[in-house]
Amino acid sequence: MATGYLDILRARHALRLLTGTLVGRLPNATAAIALVLFVRAEGGSYTLAGALAAVYGVANAVGQPVLGRLVDLYGQPRVQLPAAVLAALAMTLFAFSGTAPLPLAYATVAAAGLFTPPLEGGLRALWPSVLGREEQVHTAYAMDAIAQEVMFTVGPLLVTLCVALWDERAALLALNLVGVLGALSVVLSPPSRAWRSAPREAHWLGALRSPGLLALLAAFLFVGIALGSITVASVSYADGHGGDAVYGWMMAGLGLGALAGGTVYGARAWGGAPERRLRVLVALLAVCYLPLMLVPGPVAMVVLSVVAGVFLAPCIACAFIIVDRHAPSGTVTEAFSWLVTTFTVGASAGTGLAGPVVQAGGTLWGFALPGAAGAVSLLVLLATGRVLAAPARGGIVAASSENDPNRAAEPRFSSGDRA
């Protein structure tokens, strides 16, 4: 199982790119908890802390596809590094100005979210040029999904460690400085400096002019809703079964399940169309959420949380392949960034939707929501199966191998249609 992952990490520049991307994304992965801790240390309310975290999240969701398009147009170093510096400067200003005056606090936090560099989409655009074979790129996507689970587990621990060693302001400053260093490591690497987007058709919709990509984004909106709602339902469950410790174990169980599932999924080569495989994976994801409705004791609930997380990382890794297949020529970074944005918006919507559901129907109905959202995601995939089965039609082949790991001729747009 480890051989495929080791082969990728041994590839020239691969370890540097993966590590730099993960380090560069630490400010984003830790923003919510870092903002809450800092605002509370400044004497602000939980309402203010939540509002600032929400502003950061919304700005980040807006900024990712916009910056992704700029990366496709102008290259990674000219966009990623300035964006990382601007985001860090905005958060630094917030750290020193605090929560007063409020307009400045909201403006700086919004700027920090808006300028967060699209390192995630940038890495996925680089894998085909770093790795030689299609199956290696697919394994790298799975490894990427696994690394995300590790980062979002380790990130909050790093925040609490920084707070324990120094204070909340120092945690904000240190994590954002480290983030800039991570982005710097990526953009100074030869693959990042050499990467150029394929020729693109001039179109205001950019990546969103792909019907297949739109179908995938619609399906993953509901996967995000499932993930967001399960966190709220878990809080409700923990309130009656042991408190914060139980909640922590349940979240760790979800992460462990995703880690295990992603590791097994990425360790083998899969035949057949990824669009069909994604339908199976999403169906299994929805089914594995259903046992949570049994709401057993804490130990059994943690075990069920592990099971619920098993198919999340494989779904994400498979979605990366489909994005790669359906992204119009010259829009691959933007397309991956749209997937990040859609998933983030879905998770936020799931969090907001689960609150009233739990309030009205209790914990059991809160845990029914992830399964229902997973089922809707599957219905979207089934309804749009014909669109997803046709990545591109007509036109002549694109010479660039930007998002074709096999360097194969790929039908995109005719030469007369390209800008």
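So, with a 1.4 angstrom probe, what is the percent of accessible area on the stretch 127-228 that is carbon and sulfur?
Result for the stretch 127-228: 70 percent of the exposed heavy-atom area is carbon or sulfur.
What does the accessible area per residue of the stretch 8-143 come to in Å², with a 1.4 Å probe and no ligands, DNA or RNA counted?
38 Å²
Pick from T160, T231, T30: which residue has the top mean-square fluctuation in a GNM of the chain where Cα pairs under 10 Å get a spring?
T160
Could you compute the FRET efficiency for R268 and L382, with r as their C-beta to C-beta distance and R0 at 35 Å, rounded to 0.05?
For R268 and L382, the calculated efficiency is 0.85.
Could you tell me which helices of the chain pass both thresholds, a Cα extent of 20 Å or more along their own axis and a mean Kyte-Doolittle hydropathy of at least 0.5, with helices taken as whole DSSP H runs?
In the chain, the long hydrophobic H runs are 26-41, 46-74, 77-97, 134-165, 168-187, 211-239, 244-266, 274-289, 312-326, 332-361, 363-383.
Heavy-atom accessible area per residue, the stretch 262-398, 1.4 Å probe: how many Å²?
Result: 39 Å² per residue.
If Lys and Arg each add +1 and Asp and Glu each add -1, what is the summed charge of the other residues whose beta carbon sits under 12 Å from the beta carbon of Y5?
Once all neighbours under 12 Å are counted, the net charge is 0.
Run the simple label-point estimate for L15 and L102 please: 7 Å along Cα→C-beta, distance reported in nm.
Here the answer is 5.0 nm between the modelled labels.
In terms of the ratio Rg/(2.2 N^0.38 Å) built on C-alpha atoms, what value belongs to the stretch 1-144?
After normalising by residue count via 2.2 N^0.38 Å, the value is 1.22.
Please report the carbon-and-sulfur percent of the accessible area for the stretch 248-307; probe 1.4 Å, protein heavy atoms only, DNA, RNA and ligands left out.
80 percent
Using only DSSP helix segments of four residues or longer, with each worth -39500 (n - 2.57), what per-residue ellipticity at 222 nm results for the chain after dividing by its residue count and rounding to 500?
-25500 deg cm²/dmol
I need the shape label for the stretch 160-261. Rule: rounded when a/c is under 1.5, else prolate if a/b > b/c, else oblate, with a, b, c from the alpha carbon gyration tensor.
Verdict is oblate for the stretch 160-261.
Over the chain, what number does the Rg to Rh ratio reach, with both radii from the alpha-carbon atoms and Rh per Kirkwood?
Answer for the chain: 0.96.
Over the chain, what is the relative contact order in whole percent, taking alpha-carbon pairs under 8 Å and six or more residues apart?
25 percent
Taking 7 Å along the Cα-to-C-beta vector as the label spot, tell me the R133-L205 distance in nanometres, rounded to one decimal.
It is 3.7 nm.
Full-extension gain between S45 and L177, please, as 0.36 nm times their residue separation minus the C-alpha to C-alpha distance.
Taking 0.36 nm per residue and subtracting the Cα distance, the gain is 44.9 nm.
The values are calculated or read from the model by the stated rules, or taken from the named source; none is laboratory data. Given the structure is predicted, the values throughout are model-derived calculations rather than measurements. Please note: Cβ atoms are built from the backbone with ideal geometry, for glycine as well, and neighbour counts cover all protein chains shown. Keep in mind that these areas ignore ligands, DNA and RNA; they rest on the heavy atoms of the full protein, side chains included. Shrake-Rupley method; radii C 1.70, N 1.55, O 1.52, S 1.80 Å.
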